[in-house]
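Here's the structure, in structure tokens; my notes come after.
Since every read-out is calculated from the coordinates, none of them should be taken as a lab result. Worth saying up front: this structure is predicted, and the values here are computed from it rather than measured. Here the Cβ positions follow ideal geometry from the backbone for every residue, glycine too, while neighbour counts run over all protein chains shown.
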Amino acid sequence: MVAAGALHGIRPAEQPLIDRLREQALSAAGEYRPVLTSFLNPRQRVLADMVAEQAGVELHGAGGFAQAEMQRVLFAPDYFTPEPSDFAVTVLECVYPAKFTSLHHSTILGSMIHHGLDRSAFGDIITQDDRWQLAVTDTLVGFVQSDVDHIGKTKVSWQVASGKDVLRPNVPWRDLTTVVAATRVDAVVAAGFNLSRSQVKELIASGQVQVNWLAEGRADAQLVPGDMISVRGHGRVQLVDILGITTKQRWRVALRVLAK
């Protein structure tokens, strides 16, 4: 589910994506056929939903996994009911010597980028116990299987996973109700990860913090319910709700925290 709060503050850097999505949506409307995008993150899907509404077309999404964060989107006329195959997504399982080594999300992601893959070409990276799976576009299956033969120093191979073999994500979010001085990025991150405000400001200044999948360089940036903050090396914290003001004029907030 895409958070409603992610809609605020469209930035100039997003305009090229909006233009590309608008062109695809208008093609779907004008040619009366479905048009498929690359993988989009939740923030980008909010923009796609805006564009779809303006163009008068329906929006459908899928990413290979249940409740996938990264999804391919179909702009389509209202008559169209998509099948899973229409999204052209394949889930690949990484085969590696799990008894002797371990893999990490960051190393798998880094290996894909190192091999020249744009982040929009592949979707979620999911793990369960010592198993790892990756969603990719159908057209990239052969490339990944033939070219991505190492993750870091570990030799790997890839096999297609389908049906019951596809992992179901189990993300351990923690609910937290707390009090902050302000609904600013630095205050919410500090509360979510038990960091000092000065530590958070250093993280922001060094480009380690994103709000709604966009880099945030201002410690005093205001948040609204639904906003998702990612902090490299720490995890994610979402401002779920603002519950009110205390007698000491501080904000009581509901957060969801996913710590690394």
So what are the ³J(HN,Hα) numbers for segment 190-204, from phi and the Karplus equation (6.51, -1.76, 1.60; θ = phi - 60°), rounded to whole Hz, Gly and Pro as x?
4, 5, x, 10, 6, 10, 7, 4, 5, 5, 5, 4, 5, 4, 5
When we measure straight from the Cα of Lys164, which aspartates and glutamates land under 13 angstrom away, once same-chain ones fewer than 8 places off are left out?
Glu93
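May I ask you to compute the full-extension gain from Glu23 to Asp86, defined as 0.36 nm times their residue separation minus their alpha-carbon distance, rounded to one decimal in nm?
Values: separation 63, 0.36 × 63 = 22.68 nm, distance 1.95 nm.
Stretched fully, the Glu23-Asp86 segment lengthens by 20.7 nm.
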Give the lysines whose C-alpha is closer than 26 Å to that of Lys153, dropping any in the same chain fewer than 8 places away, or say none.
Lys99, Lys260
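As an exercise, identify the trypsin sites (Lys or Arg not before Pro) in segment 108-203 lying in DSSP coil whose Cβ has no more than 15 other Cβ atoms within 10 Å. Walk me through the numbers on the way to the answer.
Details: sites: Arg119, Arg131, Lys153, Lys155, Lys164, Arg174, Arg184, Arg197, Lys201; in loops: Lys153.
Taking segment 108-203 and a limit of 15 other Cβ atoms within 10 Å, the loop trypsin sites (Lys or Arg not before Pro) found are Lys153.
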The simple spin-label model distance between Ile10 and His115, using points 7 Å out along Cα→Cβ, in nm, is 3.6
If the label point sits 7 Å along Cα→Cβ of Phe143, residues of segment 68-91 with amide N under 15 Å come out as 89-90
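Compute the signed sum of charges (Lys and Arg +1, Asp and Glu -1) over the other residues within less than 11 Å, Cβ to Cβ, of Glu58. Intermediate values should be presented prior to the final figure.
Values: positive: none; negative: Asp49, Glu53, Asp78.
That works out to -3.
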Starting at the first residue of segment 143-152, write each ³J(HN,Hα) from the Karplus equation 6.51 cos²θ - 1.76 cosθ + 1.60 with θ = phi - 60°, in whole Hz, x for Gly and Pro.
5, 4, 5, 8, 9, 8, 9, 9, 10, x
Non-local amide H neighbours of Glu58 (under 5 Å, H modeled in plane, Pro and chain starts lacking H): which ones?
Ala76, Asp78
Relative contact order of segment 11-144, please, whole-number percent, based on alpha carbon pairs below 8 angstrom and at least 6 residues apart.
23
